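Novice: Next up is a structure, given as structure tokens.
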Amino acid sequence: MRNVKKLRVGILASGKGSNLQAILDASLAGEIDVEVAVVISDVEDAHALERARNAGVPALHIHPGRFRTKLEPSAEAAYVHALEKHGVDIVALAGFMRILHDDFLTHFAGRIVNVHPALLPAFPGLDAQGQAFEYGVKWTGATVHFVDAGVDTGPIILQAAVPVEPGDTRDTLAARILEQEHRIYPRALQYIAEGKVRVEGRRTFTASPAEEGAAS
Ligand code: GRF
């Protein structure tokens, strides 16, 4: 960890929040230059909100409105308003089960990240672990990527590969993928906090130009 200004991250989560916990743990331990500024959920009793409260982080439930897979426009505006009120630099999706649309994406353009339980671009969308398991791949993994208007299509920041073992079930595989998510998500946020992530089209580079020069 370097002595840089802390990156204020707003986290959106719908479920158990284990990725949120990994980020909170790394942040509270001083391992990353990240402060979780607020956690917002579309699910009132999401365990993620309890984890935030336990860590002393503002935890909000904002009703998503009447849709199942997206936020109603007025709800989306409320999410943007709450994130701005808490002064977030970037938004991290951590098991947030709704697709974000134009106003949100435009407002936080280039400042939204997500973690996905597969080696994108393979197996985007829901139950990526089950998709990979059923397909019969020998390797899958986890991906941290920027969010754009597509589903799991934004530029990739970090990936970790996970082998599919002969005795695996969908759930044992998912558990090993989750371990890697917990490892690479805080690390990706740290790269962003250090200003190290440069995006060129679809490609990202996670070192400063000086380091890239030194490494070549
Ligand atoms: C993770 O597998 C993540 O990749 C996916 O949803 C799951 C969320 O898990 N988008 P948790 O709520 O962080 O435990």
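Novice: Restricting the search to the stretch 62-106, which residues are farther than 22 Å from V34 by Cα, of a type outside the set (A, V, I, L, M, F, W, C) and touching a strand residue (DSSP E or B) at 6+ places or on another chain (Cβ under 7 Å)?
Specialist: T69, K70, R98, H101
Novice: Let me ask something else. For residues that are touching a helix residue (DSSP H, G or I) at 6+ places or on another chain (Cβ under 6 Å) and open to solvent by less than 10 Å² (accessible area, probe 1.4 Å), scanning just the stretch 1-16, find the one that is farthest from the ligand (Cβ to nearest atom).
Specialist: Per the stated criteria, the residue is G10.
Novice: Shifting gears a bit: Is one or more of the residues making up the stretch 193-202 part of a loop (DSSP other than H, G, I, E, B) and over 20 Å from I32 (Cβ atoms)?
Specialist: Of all residues in the stretch 193-202, those part of a loop (DSSP other than H, G, I, E, B) come to 194-197, 201-202.
Narrowing further to those that are over 20 Å from I32 (Cβ atoms): 201-202.
Yes, the stretch 193-202 contains a residue that is part of a loop (DSSP other than H, G, I, E, B) and over 20 Å from I32 (Cβ atoms).
Novice: Identify all residues within the stretch 135-191 that are without any contact (Cβ under 8 Å) to a residue 60 or more places away in the chain, within 11 Å of the ligand (Cβ to nearest atom) and of a type in the set (S, T, Y); write none if there are none.
Specialist: Across the stretch 135-191, the qualifying residue is only T143.
Novice: Could you please let me know if V88 is away from the ligand (no atom under 16 Å from the Cβ) and open to solvent by less than 60 Å² (accessible area, probe 1.4 Å)?
Specialist: Yes: the conditions hold for V88.
Novice: Just checking, how many residues over the stretch 198-216 are of a type in the set (A, V, I, L, M, F, W, C) and at pLDDT 60 or above? Explain how you work it out, then say what you get.
Specialist: Taking the stretch 198-216 as the starting set, the residues that turn out to be of a type in the set (A, V, I, L, M, F, W, C) are 199, 205, 207, 210, 214-215.
Okay, now just the ones that are also at pLDDT 60 or above, so 199, 205, 207.
Adding up the residues that qualify gives 3.
Novice: Go through the stretch 23-52 residue by residue and tally those that are over 14 Å from G10 (Cα atoms), open to solvent by 50 Å² or more (accessible area, probe 1.4 Å) and away from the ligand (no atom under 11 Å from the Cβ).
Specialist: Going through the stretch 23-52 one residue at a time, the tally reaches 7.
Novice: Now a separate question. Would you check which residues across the stretch 124-140 are in contact with a helix residue (DSSP H, G or I) (Cβ under 6 Å, 6 or more places away or on another chain) and either within 17 Å of I184 (Cβ to Cβ) or surrounded by fewer than 20 Cβ atoms within 10 Å (Cβ to Cβ) (or both) and list them?
Specialist: Matches in the stretch 124-140: Q129, G130, T140.
The values are calculated or read from the model by the stated rules, or taken from the named source; none is laboratory data. Fair warning: this is a prediction, and the values are worked out from it, not measured in the lab. Because the Cβ atoms are built from the backbone with ideal geometry, glycine has one as well, and the counts that use them run over all protein chains shown. What goes into the accessible areas is simple: the full protein's heavy atoms, side chains included, and nothing from ligands, DNA or RNA. Shrake-Rupley method; radii C 1.70, N 1.55, O 1.52, S 1.80 Å.
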